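Undergrad: One structure follows; several queries about it will come next.
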Amino acid sequence: MGRSEPPEGTLALVNGRVLTFDAAGATLARSRATAVLIERGRIAAIGDDPAIVDRLGRRGDPLDLGGKVVAPGFVDAHIHAFDCALGSLKVSCLPPAVGDLSSLKARLAARAASIPVGAWVVGEGYDDMRLTERRHPTRLDLDEAVPNQPAVVTRVCGHMCVANTRALSVAGVEGRTPHPPGGRIVRDAAGIATGLLLEEAQGLILDVVPPADDEQIALALASTGRSLVAQGITTICEALLGASHPREAEIWTRVLSGMWDGPKVRFLADRRLLEDGVHHDLPVIGTKLFADGSVTGRTAALSQPFEGGTDTGMLIHEPRRLAELVGRSVERGLPVGIHAMGDRAIAAAVAAIELAGPAAATSDMAAGSAGTNAVRHRIEHCSLPGPSLAAMRSLQIVPVPQPVFLYAEGEAYLAQLGRDRSAHAYPLRTMIDLGLRPALSSDAPATSTEDASDPWLGVRAAATRTTWAGSSLGAREAITVGRALACYTANGASALSLGHRTGSIEIGKDADLIVLPADPLGSDPEDLVRLRPELVFIEGRDALGALRRT
Ligand SMILES: [Zn+2]
């Protein structure tokens, strides 16, 4: 899309440390290679400096990396870039970046100063339990930050929001406004609204916020692409095309055909988008289906009850209906990516896939070249697979887990699942030992943490299994940084049926590379989150523009 023409240039990277895969392909490791030759967007040669300089000949000067590390670019196999873009039009108030009311106010004030007079300031993601003050902001707090424009900020859970005085007055909420059905306008002892609006009462404010227009969204999406590249991500799979916005496919098409400077993109599409026959030329590699809800919302389908209750969550479809939906996707030539978190949902997803059988790829995106890339069904999240892993192995289903949840939602997992079950959540080690190839990913922006798309958050969590509060979720399922990197690169590429093109540093593959200032394999996992690539190449293109600046 847009950038499909590989650049003609030739570039030799020398005096680096090149990370390649061990013979089994399961671990990213240091190699003896110090240099990589890029020709026409592909990796043409890998070796030592003299050999690569020799191959370069008189076609320019080699680029001296000064001992820095060359690694494959990250593949985020499950992300919602469109939602990240929509979110970026709002002010992020997520922890840990917003850890007290003054930082929340500073962010809102900065946005108010950067937008036209009278425009709304919309924030989202504050968590009162993680603010130093341990309370909700009030109307007056927001007035201090944004005195002259309407402002509203939603809590991380989405069940409540706080409005400032101007927003309440624009929306016509006053002392006598009745509570709407299913909602509550919180008032103080004197009967004055504090600004906090619960459940359906949020609509009093949120329904009068003018929606973003397509142009704003397109610009935000292009900007999201650049942010992902800055994190070292060179390929993504947008995990639910067509459910966030009525014109999502059109906006994506427009952005990819001219404005996009981001990673390669593939799509899992909402089944309704495929069934409605909406025309688009986007590279869809599968149908997204849902088997259950979430662990933190206690709607994941479990075989044993959530902690402190008798509820076992819920399956979204009857097993026969789920199998029918998988079958329809297979008939269309597309594999499925089934959202399944609880063990009961994962078992249902595996059974549905077994009944439907494998998908025969019909599009070139899915087929790869010369049949070298089998098209695989996927289970998204795959949080508590339990005994289903063996069947997943024999059916060659790809688990697509998000270890960042261990960090960002780990405290909630301990509360909802207890210590034993949490120790078996996202069992990466068992998956790998069984021969499965988990494709690590972020699910951004679904995680309640700032910079949720940062791959290092997931790599660190896969290696440490420690929550944001420092609790351990058990080390048995921890994996090494080298393995986690393999899961976040080669396994991701393979999950997207792009294993023949990207995900590792091999001759003939696209030059999708990052250059890191330090060796992640030698770093303390805690330090990884500060690692930022200094150079990013996507099909040989200097995607950060860093070389043009020097
Ligand atoms: Zn998702």
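The values are calculated or read from the model by the stated rules, or taken from the named source; none is laboratory data. Worth saying up front: this structure is predicted, and the values here are computed from it rather than measured. Because the Cβ atoms are built from the backbone with ideal geometry, glycine has one as well, and the counts that use them run over all protein chains shown.
Undergrad: Which one is surrounded by the fewest Cβ atoms within 10 Å (Cβ to Cβ), of the residues in the stretch 455-486 that are in a loop (DSSP other than H, G, I, E, B) and either among the basic types (K, R) or within 16 Å of the ligand (Cβ to nearest atom) (or both)? Break it down stepwise before answering.
TA: Step one: of the stretch 455-486, the residues in a loop (DSSP other than H, G, I, E, B) are 465, 467-471, 473-480.
Still in the running and either among the basic types (K, R) or within 16 Å of the ligand (Cβ to nearest atom) (or both): 465, 476.
Working: R465: 25, R476: 11.
My answer is R476.
Undergrad: Name every residue in the stretch 536-550 that is at negative phi and either of a type in the set (S, T, N, Q) or free of Cβ contacts under 8 Å to residues at least 24 places away in the same chain (or both), in order of residue number. Explain how you work it out, then say what you get.
TA: First pass over the stretch 536-550, keeping only residues at negative phi: 536-538, 541-544, 546-550.
Within the stretch 536-550, D542, A546, R548, R549, T550 qualify.
Undergrad: May I ask you to say which residue of A484, A423 is among the small types (G, A, S), modelled with pLDDT of 95 or more and over 23 Å from S227 (Cα atoms)?
TA: A423
Undergrad: Something else: Being in a loop (DSSP other than H, G, I, E, B) and either polar (S, T, N, Q) or surrounded by fewer than 24 Cβ atoms within 10 Å (Cβ to Cβ) (or both) is the filter here, so list the residues in the stretch 506-528 that pass it.
TA: E506, I507, G508, K509, P517, A518, D519, S523, D524
Undergrad: Hand me the list of strands (runs of 3 or more DSSP E) wholly inside the stretch 1-80 holding 1 or more residues that are farther than 20 Å from G232 by Cα. Steps first, answer last, please.
TA: Working: elements: 10-14, 17-21, 28-30, 35-39, 42-47, 69-72, 74-79.
Here the list reads 10-14, 35-39, 42-47.
Undergrad: Where residues in the stretch 444-454 are crowded, with 24+ Cβ neighbours inside 10 Å and near the ligand (Cβ under 10 Å from one of its atoms), which of them is nearest to the chain's Cα centre (by Cα)?
TA: Here the answer is A444.
Undergrad: Name every residue in the stretch 407-436 that is over 11 Å from V295 (Cα atoms) and in contact with a Ser or Thr (Cβ under 7 Å, 6 or more places away or on another chain), in order of residue number.
TA: Scanning the stretch 407-436 gives Y407, A408, E411, Y426.
Undergrad: Among the residues of the stretch 99-122, write down those that are closer than 22 Å to V208 by Cα, modelled with pLDDT of 95 or more and in a loop (DSSP other than H, G, I, E, B).
TA: Listed by number, the list holds a single entry, W120.
Undergrad: Out of contact with any strand residue (DSSP E or B) (no Cβ under 6 Å at 6 or more places or on another chain), under 25 Å from G337 (Cβ atoms) and more than 16 Å from the ligand (Cβ to nearest atom), is that true of P210?
TA: On the way: out of contact with any strand residue (DSSP E or B) (no Cβ under 6 Å at 6 or more places or on another chain): yes; under 25 Å from G337 (Cβ atoms): no; more than 16 Å from the ligand (Cβ to nearest atom): yes.
Criteria not met by P210.
Undergrad: Follow-up. If you scan the stretch 223-236, which residues turn out to be in contact (Cβ under 8 Å) with a residue 60 or more places away in the chain and either surrounded by fewer than 24 Cβ atoms within 10 Å (Cβ to Cβ) or within 23 Å of S92 (Cα to Cα) (or both)? Please lay out each step first, then the result.
TA: Kept after step one, since they are in contact (Cβ under 8 Å) with a residue 60 or more places away in the chain, are these residues of the stretch 223-236: 223-225, 227-236.
Selection gives S223, T224, G225, S227, L228, V229, A230, Q231, G232, I233, I236.
Undergrad: Look at R328 and say whether it is within 17 Å of R378 (Cβ to Cβ) and charged (D, E, K, R).
TA: Spelling it out, R328 is indeed within 17 Å of R378 (Cβ to Cβ) and charged (D, E, K, R).
Undergrad: Hey, another quick one. I need the full set of residues from the stretch 213-243 which are within 16 Å of the ligand (Cβ to nearest atom) and small (G, A, S), in order please.
TA: Matches in the stretch 213-243: A239, G242, A243.
Undergrad: Enumerate the pairs (first residue in the stretch 393-416 and of a type in the set (K, R); second residue anywhere and outside any loop (DSSP other than H, G, I, E, B)) with beta-carbon separation below 9 Å, excluding pairs fewer than 6 apart on the same chain, so at least 6 apart or on different chains.
TA: R393/M431
Undergrad: Report, ordered by the first and then the second residue, all pairs with beta carbons closer than 8 Å, sequence separation of six or more or different chains, a first member in the stretch 55-78 that is among the acidic types (D, E), and a second member that is part of a strand (DSSP E or B).
TA: From residues that are among the acidic types (D, E), the pairs are D64/V14; D76/I233; D76/T235; D76/I236; D76/C237.
Undergrad: Residue under question is R184, and the condition is that it be under 38 Å from the mean Cα position of the chain (by Cα), basic (K, R) and not assigned by TED's automatic domain parsing to the domain that holds A408; does it hold?
TA: yes
Undergrad: How many of the residues making up the stretch 157-190 are farther than 18 Å from P147 by Cα, surrounded by 11 or more Cβ atoms within 10 Å (Cβ to Cβ), among the hydrophobic types (A, V, I, L, M, F, W, C) and at pLDDT 90 or above?
TA: The total comes to 3.
Undergrad: Also: For residues in the stretch 85-98 being closer than 30 Å to A518 by Cβ and surrounded by 22 or more Cβ atoms within 10 Å (Cβ to Cβ), which is farthest from the ligand (Cβ to nearest atom)?
TA: Residue satisfying both the conditions and the ranking: V98.
Undergrad: How many of the residues making up the stretch 410-426 are assigned to a loop (DSSP other than H, G, I, E, B) and surrounded by 24 or more Cβ atoms within 10 Å (Cβ to Cβ)?
TA: The total comes to 2.
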